[in-house]
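**Student:** There's a structure below that I have some questions on.
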Amino acid sequence: MSTRELYLVGLSHKSAPIAVREKVSLSGDDLKDALAALKARDGVAEAMVVSTCNRMEAYVLGDSIEPARRIFLDRSGDAAGHLYEAAGPEAVRHLFRVSSSLDSMVLGEQQILGQVKEAYGVASSVQAAGGFISRLCNRAFATAKRVRTETDIGRGASSVSQVAVELVEKIFDDLKGRAILLVGAGKMGALSAKALASLGADRILVTNRSPERALSLAEQVGGSARPWAELPQLLVQADVVIVSTGAPTYVVDPALVHPAMKARKHRSLCFIDLAVPRNVDPALSQLDDVYAYDMDDLQKVVHQTKSARAEEAIRAEAIVEAEVMAFSAERETRAALPVLSQLRRQAEEIARAEAQRTLAAIGEKLDDRGRRSVEAMARAIVNKLLHAPTARLKQAASNGDSLLPGVAAELFGIDGAQGPEQAAPRAATAGAAPPAPGALPDNVVSLSESK
Amino acid sequence: MMSLLILRIAAILYAGAAAGFITFFAKPRWKRAAAWGDSLLLAAFVVHAVAIGFGCREYGGMEFLTLRGGFLMLAWLVSGAFLLVQRVYPVPSVGAFATPLVVVTLLPTLFGPPNAPPQPPERLRHGLLSGHIFVAVLGVAIFALAFGVALMYLLQEREVKGKRFGALFSRLPSLSQLDTLEQRLVRIGFVVFTIALVLGSLLANQAWGHFWQWDPKQIFSLVSWLLYGALVQLRRSGLHGRRYALLSMVGFAIIITSFVGLGLVPVGKHGRDYGLNRPAQGETAGRSAQ
């Protein structure tokens, strides 16, 4: 007896260094080819591959974990020591956690859901994903959406540049028609300037003690270089000033900014000091309409976000857990459903026929109410009789017992001849050739069912 | 008494709208709460209008000559102005500040109809008086919204500047948004207020034979008008931010003093000398709102 199961093999930023990840990673047509090849393997019913820069994971519905493993080992032998594997509900849980960004490098980041959606799209486009993976993914997306709307896991800024962007947004809303001034050539400065430019800044001004550095930096961030001596005037033009020089002292102080504020007519001016030791005098905050932040302030927010997200993750895990259980239960009920629905249909048919016969015989002696009572009684008997078997069958299904549905079918004389939707459990057709994998109707494939 | 019943229904709807906007403020993920708040506010505004209509039929419009009527009108116009702002420049978190303001303004009007609505003398009973009252209250309503926005600005500024990136920080709109909204409200309010002042001085001329008398209400109105005028002018020359917000709050303080304070304290001739009150009734009972 072999079991069809969902298998997962993968590696991620948690298990493998980038050197290994980049060797196995797949994209574009390579991914499609690999998926098609995987699907064509013996014992593979459905397959999907999630490949991002932080992870590569193969999800396979099939007889064994081996084909999923091969997709990694065929590409690089180095991968062997870095793979993680899971089967059944474990694999389901993993996909749900990944989609909900609980397994991401930056907890709660937003891209991963899109990447999983894309992976599912690719798998569908090459017919590698079928009914099972489709249901699995839809549930995963729904889980991710729940996590996002019911918890605060996506809230807050998770990097220094993001914090800077958020701060500037709260002051200026956006930077349309405004200018960013980059003072000094620190690497963080250039990064933040680029992040801020996404708010629609009109221009980026760059100044540095060394004109050559200013020029090359200006080129790098798409701005224009200005002489260092112009700094006081530049403070009038710019709205956001990013300071990251290597200077050991304050480069910007109230004596410099005060006249600039007058000339600006108190339009808000925001300083972001990324230098350590600090380059912006904290006394600047005392000036009206001047906002000054240093590295500590920004880091503090990053840490706040991280711990807030970690707290939210606990709630998110509970959602994932509930969804995994719901998914499993749903699948198992699906597996037991064909027998149940046929059993019920058969019984109701009999009840209706018998009620009809009785009514044909004595119907005219009864009034409307009496006739309805006869019908109701027939239905009630069916319900009472079927109550226990129904409960038992459902329970058996959720315990993974695949024997009972077959026995029940045998016992009640249900055959599978009523059309594909109600395909009888295989035990009922014992002796007949087992259907080919993949040719099974969706609703009889379960996490672990016998063939 | 029909108008009072309808007014109470409107008050309940306003309270619902306030609850919606406050819920949205507390839980920004619940966007639906803001939508509900907005719909309820619209409903309240319409019901309030019906109540005003009934009131006009019951009291012949005279109720607006009292302080109660002034509040009644003020609440209606503040909510109307806010609804309009929401459509032009949607900042739903302002609702958490504006709708409670409406509820508080409406509160004193819910406990009874005006006792003996005053009767203005025959020669003033025409459109000019109604016009003056309506436009003046509309001006106060717009300045009230501007006051709320200025308050939000100062709160947000404290968060941003003090590096307190807490709940208020994330819920209040950006400083720039608040500043822009503030500026627009002040500008529109100034225009409306100017019209009210012109109408008022025309009325004064009819009542007293002079456009200007050193009546406290006139003085207060002129001072606040000058202040708001200065604000509009200063904005042109580039005044922004904190000072702008503070000044507009000062302006509103003066206006509300003249609206409520002078309505309760028997000084000056504005209203009284129109014969709106019978002296026997006491000076404080039902002076003109504006």
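The values are calculated or read from the model by the stated rules, or taken from the named source; none is laboratory data. In this text, all values refer to a predicted model and were calculated from it rather than measured experimentally. For neighbour counting, all protein chains shown are included, and Cβ atoms are generated from backbone atoms with ideal geometry for every residue, glycine included. Accessible surface is based on the protein model in full, side chains and every heavy atom, while ligands, DNA and RNA are left aside. Shrake-Rupley method; radii C 1.70, N 1.55, O 1.52, S 1.80 Å.
**Student:** Scan segment A:346-369 for residues that are among the hydrophobic types (A, V, I, L, M, F, W, C) and open to solvent by 90 Å² or more (accessible area, probe 1.4 Å) and report the count.
**Tutor:** 1
**Student:** Select from segment A:238-266 the residues that are within 14 Å of another protein chain (Cβ to nearest Cβ) and in contact (Cβ under 8 Å) with a residue 40 or more places away in the chain and write down the one among them that is surrounded by the fewest Cβ atoms within 10 Å (Cβ to Cβ).
**Tutor:** A:ASP239
**Student:** Could you tell me how many of the residues in segment A:222-237 are among the small types (Gly, Ala, Ser) and either in contact with a Lys or Arg (Cβ under 6 Å, 6 or more places away or on another chain) or crowded, with 18+ Cβ neighbours inside 10 Å (or both)?
**Tutor:** Result for segment A:222-237: 2.
**Student:** Consider segment B:212-221. How many of its residues are buried (at least 18 other Cβ atoms within 10 Å of the Cβ), out of contact with any Ser or Thr (no Cβ under 6 Å at 6 or more places or on another chain) and not polar (S, T, N, Q)?
**Tutor:** Result for segment B:212-221: 1.
**Student:** For segment B:154-177, enumerate the residues that are assigned to a helix (DSSP H, G or I) and either within 9 Å of chain A (Cβ to nearest Cβ) or among the small types (Gly, Ala, Ser) (or both).
**Tutor:** Within segment B:154-177, B:GLN156, B:GLU157, B:GLU159, B:VAL160, B:LYS161, B:ALA167, B:PHE169, B:SER170, B:LEU175, B:SER176, B:GLN177 meet the criteria.
**Student:** Still on this structure: Filter segment A:285-298 down to residues that are outside any loop (DSSP other than H, G, I, E, B), within 25 Å of B:LEU246 (Cα to Cα) and not β-branched (Val, Ile, Thr) and give me whichever is most open to solvent (accessible area, probe 1.4 Å).
**Tutor:** Across segment A:285-298, the extreme among qualifying residues is A:GLN286.
**Student:** Quick check on segment A:111-122. Is at least one of its residues surrounded by 23 or more Cβ atoms within 10 Å (Cβ to Cβ) and more than 17 Å from A:ARG135 (Cα to Cα)?
**Tutor:** Taking every residue of segment A:111-122 in turn, at least one turns out to be surrounded by 23 or more Cβ atoms within 10 Å (Cβ to Cβ) and more than 17 Å from A:ARG135 (Cα to Cα).
**Student:** Could you please let me know if A:VAL20 is of a type in the set (A, V, I, L, M, F, W, C) and crowded, with 22+ Cβ neighbours inside 10 Å?
**Tutor:** In short, no.
**Student:** Just give me the residues in segment A:127-151 being part of a loop (DSSP other than H, G, I, E, B) and crowded, with 17+ Cβ neighbours inside 10 Å, in sequence order.
**Tutor:** Once the filter is applied, which keeps residues that are part of a loop (DSSP other than H, G, I, E, B) and crowded, with 17+ Cβ neighbours inside 10 Å, segment A:127-151 yields A:ALA128, A:ALA129, A:GLY130, A:THR151.
**Student:** Another question about this same structure. For segment A:86-138, give me the residue count where each residue is more than 21 Å from A:SER25 (Cα to Cα) and of a type in the set (Gly, Ala, Ser).
**Tutor:** Residues that pass the stated criteria total 7.
**Student:** May I pose another question? May I ask you to verify whether A:ARG69 is at pLDDT 95 or above and either among the aromatic types (Phe, Trp, Tyr) or open to solvent by 30 Å² or more (accessible area, probe 1.4 Å) (or both)?
**Tutor:** Against the criterion (at pLDDT 95 or above and either among the aromatic types (Phe, Trp, Tyr) or open to solvent by 30 Å² or more (accessible area, probe 1.4 Å) (or both)), A:ARG69 does not qualify.
**Student:** For segment A:162-188, what are the residues that are surrounded by 23 or more Cβ atoms within 10 Å (Cβ to Cβ) and more than 13 Å from chain B (Cβ to nearest Cβ)?
**Tutor:** Passing the criteria: A:ILE180, A:LEU181, A:LEU182, A:VAL183, A:GLY184.
**Student:** I'd like the full set of residues that are within 12 Å of chain B (Cβ to nearest Cβ) and open to solvent by 30 Å² or more (accessible area, probe 1.4 Å), limited to segment A:267-284.
**Tutor:** Residues satisfying the conditions are A:ARG267, A:PRO282.
**Student:** Looking at A:LEU107, A:LEU35, A:LEU95 in this structure, which one is closer than 30 Å to A:THR305 by Cβ and surrounded by 22 or more Cβ atoms within 10 Å (Cβ to Cβ)?
**Tutor:** Every option except A:LEU95 fails the conditions.
**Student:** Wholly within segment A:40-116, which strands (runs of 3 or more DSSP E) include no fewer than the required count, namely at least 3 residues that are closer than 16 Å to A:ARG4 by Cβ and touching a helix residue (DSSP H, G or I) at 6+ places or on another chain (Cβ under 8 Å)?
**Tutor:** Qualifying strands (runs of 3 or more DSSP E): A:44-51, A:55-62.
**Student:** Only one of B:LEU239, B:LEU246, B:LEU231, B:LEU226 is more than 11 Å from chain A (Cβ to nearest Cβ) and closer than 21 Å to B:SER176 by Cα; which?
**Tutor:** B:LEU231
**Student:** Out of (1) touching a residue at least 60 places away in the same chain (Cβ under 8 Å); (2) within 11 Å of chain B (Cβ to nearest Cβ), what's the single condition that is false for A:ASP289?
**Tutor:** Of everything listed in (1) touching a residue at least 60 places away in the same chain (Cβ under 8 Å); (2) within 11 Å of chain B (Cβ to nearest Cβ), A:ASP289 misses just condition (1).
**Student:** Hey, A:ALA193 hits all of (1) surrounded by fewer than 23 Cβ atoms within 10 Å (Cβ to Cβ); (2) at pLDDT below 90; (3) away from chain B (no Cβ under 14 Å) but one; which does it fall short on?
**Tutor:** The one condition A:ALA193 does not meet is (1).
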